[in-house]
Amino acid sequence: MSDRQGGHTGPYRTGARHLVAVALAATLATGVLALPAAAQDPAPGTADISARLAAPADIVALVDAGDFAGAEAAIAAALADPGLDADGRVALEFQRERMRRIRMDFGLDEAAAKERLRRDIPDLTDEEFARWDQAGLIEARVIDGERRWFNRGPSNLFRLSAEARERKATPLNFYDSPLEFAHPHHAEVRDAALATGERSVAPRRVRVTQSLTVKPDQVPAGETLRAWLPFPRAIEGQQEEIELLGTVPAVHQLAPESALQRTVYMEAPARAGEPTEFSVSYELTIHAQYNDIDPTRVVPAEITPELAPFVEERAPHVVFTDAMRLRSAAIVGDETNPYFVAKKLFEYVDSLPWAGAREYSTITNISQHALEQGHADCGQQTLLLITLLRLNGIPARWQSGWIFSEGSYNNMHDWGWLYLAPYGWVPMDVTFGRLHDARPELQDFYLGGLDALRIAFNDDYSREFVPAKRHPRSETVDLQRGEVEWDGGNLYFDQWKYGFKWEILSPREPAAES
């Protein structure tokens, strides 16, 4: 399999065409794509994909250390073992793919990294570059003895260094949500919640079209492309009245509500010289959230069987390492009130600068990576906060999807929820963090509150799709852009484009009483 095609020829190839043929034969006039029972998970959409991709620790360590040559030799030796099972082969081949993706992310040599920076700092000196690089402000790593710089390292520098921002000759223009600062919507949400006594308020009705377009000639003509696009679950009090308007192609399979990373699945043949487009359109009503938390009422939660999974480790990305325990102890000190413990941890993670991140599939332990790097994007910040909260006995869980605005801003985004007794589950968005420019009563809005300008696609991370993807995903943690594959393997992000369009509609009128 060439790098251009991505993925690998794994053990799932046998019988794939037969499964597709059976599925197409079962397609009804309703436009719903039926799949054979054998293709279904007994608990649809709840299996953790991390287990299937878990390779031997020594090989993972070689990749993490940048010894790609050593890792490749170890992988080749392991693949030659006649007793290797199918899952073991998939995991080993994914480490090869992970190295390929890391090389793509770290595509700059020193000359190229300096050239990128000189677009914004024309008189950049070698001494400045070396100093910022030594301080870890221009993300880099060594691969087989050669130092390589992260493609987004030069642009991230201006997020991480005040000195670099002062040296920037071009305009400083960060792409940030307007809701990361004091905004009338925050007051709207709080005022409505206090006036009504309700947590779910200030609804927005939204129409969305999300698309995934495979570039021409990425697979041989006539081969079937299989695509998964995100689709929201109904969550009482958060997002409701979800209406599927249509898909392209029209024939599709909608995953059940139980799928924690819910999708619309579609298939289409590749045509020579032409792109292949997949899209889904829907409407939903989104409610903002606000909890008027009195810290003096907060007590340690009783960890019931339902809450137990949310205070546990979940390798590889939520692990209570020694470094995590030490950092937690330094932050929390002798505080015992769960609200104030959560607030301390929230403020610590909020203090880490946001910076564009490597693809998550290339990172062995995301929360530990964020702790070590000292900067992180939204998903890394969220996983770090989840890990620290769970370490302190506070249940915490993941949520992610897409954020937008009443203007032109939109982006992928990750956030979470924590459990505070007696209030129950309340939202947290540590990336939006503390609103320092807001009125005092609104500054902690995102520790217990959430705006209505976001759609949740995922109620957990690293969960299988329905139907399950045969080849390892481009994004092994999140589901926001979509995924696509063919019999020959996965198609990586460089082989397709994605789009998100939205329109805020007039609120639905309540149904008249009979």
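The values are calculated or read from the model by the stated rules, or taken from the named source; none is laboratory data. Keep in mind that this is a model prediction, so the values were computed, not measured. Please note: Cβ atoms are built from the backbone with ideal geometry, for glycine as well, and neighbour counts cover all protein chains shown. Keep in mind that these areas ignore ligands, DNA and RNA; they rest on the heavy atoms of the full protein, side chains included. Shrake-Rupley method; radii C 1.70, N 1.55, O 1.52, S 1.80 Å.
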Which pairs do you get when a residue that is assigned to a helix (DSSP H, G or I), found in the stretch 346-361, comes within reach of a residue that is of a type outside the set (A, V, I, L, M), reach meaning Cβ atoms under 6 angstrom, with the pair 6+ apart or on two chains?
349/381; 350/433; 350/434; 361/476
Does residue 180 qualify as being of a type in the set (Asp, Glu) and open to solvent by 50 Å² or more (accessible area, probe 1.4 Å)?
no
Is it fair to say residue 466 is within 26 Å of residue 229 (Cα to Cα), crowded, with 17+ Cβ neighbours inside 10 Å and of a type in the set (A, V, I, L, M, F, W, C)?
yes
Positions within the stretch 322-335 being farther than 15 Å from residue 349 by Cβ and either hydrophobic (A, V, I, L, M, F, W, C) or touching a residue at least 12 places away in the same chain (Cβ under 8 Å) (or both), in sequence order
325, 326, 329
From the list 43, 55, 69, which residue is open to solvent by 30 Å² or more (accessible area, probe 1.4 Å), in a loop (DSSP other than H, G, I, E, B), in contact (Cβ under 8 Å) with a residue 12 or more places away in the chain and of a type in the set (A, V, I, L, M)?
43
Restricting attention to the stretch 159-166, does a residue exist that is part of a helix (DSSP H, G or I) and under 18 Å from residue 287 (Cβ atoms)?
no
Taking the stretch 392-437 and keeping only residues that are open to solvent by 40 Å² or more (accessible area, probe 1.4 Å), touching a residue at least 60 places away in the same chain (Cβ under 8 Å) and hydrophobic (A, V, I, L, M, F, W, C), one is left with 412
Per the filter on the stretch 418-477, residues among the aliphatic types (A, V, I, L, M), under 27 Å from residue 502 (Cα atoms) and more than 17 Å from the chain's Cα centre (by Cα) are 426, 435, 447, 450, 452, 453, 466
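Residue-wise test of (1) β-branched (Val, Ile, Thr); (2) assigned to a strand (DSSP E or B); (3) within 16 Å of residue 341 (Cα to Cα); (4) at pLDDT 95 or above.
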{"position": "380", "(1), (2), (3), (4)": "no, no, no, yes"}
{"position": "385", "(1), (2), (3), (4)": "no, no, yes, yes"}
{"position": "398", "(1), (2), (3), (4)": "no, yes, no, yes"}
{"position": "401", "(1), (2), (3), (4)": "no, yes, no, yes"}
{"position": "408", "(1), (2), (3), (4)": "no, no, no, yes"}
{"position": "411", "(1), (2), (3), (4)": "no, yes, no, yes"}
{"position": "418", "(1), (2), (3), (4)": "no, yes, yes, yes"}
{"position": "427", "(1), (2), (3), (4)": "no, yes, yes, yes"}
{"position": "431", "(1), (2), (3), (4)": "yes, no, no, yes"}
Quick one: count up the residues across the stretch 284-340 that are part of a strand (DSSP E or B) and among the acidic types (Asp, Glu).
0
Open to solvent by 30 Å² or more (accessible area, probe 1.4 Å), in contact with a helix residue (DSSP H, G or I) (Cβ under 9 Å, 6 or more places away or on another chain) and under 25 Å from residue 106 (Cα atoms): is that true of residue 368 in this structure?
no
Do you know which residues across the stretch 108-136 are within 28 Å of residue 71 (Cβ to Cβ) and outside any helix (DSSP H, G or I)?
108, 109, 136
Which one of these does residue 393 not meet: (1) over 27 Å from residue 104 (Cβ atoms); (2) in contact with a helix residue (DSSP H, G or I) (Cβ under 8 Å, 6 or more places away or on another chain); (3) in a strand (DSSP E or B)?
(3)
Quick check on this structure: which one of 148, 190 is in contact with a Phe, Trp or Tyr (Cβ under 6 Å, 6 or more places away or on another chain) and not in a strand (DSSP E or B)?
190
Filtered residue count, the stretch 316-344, keeping only those that are farther than 18 Å from residue 416 by Cβ and of a type in the set (Gly, Ala, Ser):
4
Of all the residues that make up the stretch 222-234, how many are open to solvent by 20 Å² or more (accessible area, probe 1.4 Å) and within 16 Å of residue 275 (Cβ to Cβ)?
3
Filter result for the condition that a residue is open to solvent by less than 20 Å² (accessible area, probe 1.4 Å), more than 20 Å from residue 461 (Cβ to Cβ) and assigned to a loop (DSSP other than H, G, I, E, B), over 219, 206:
219
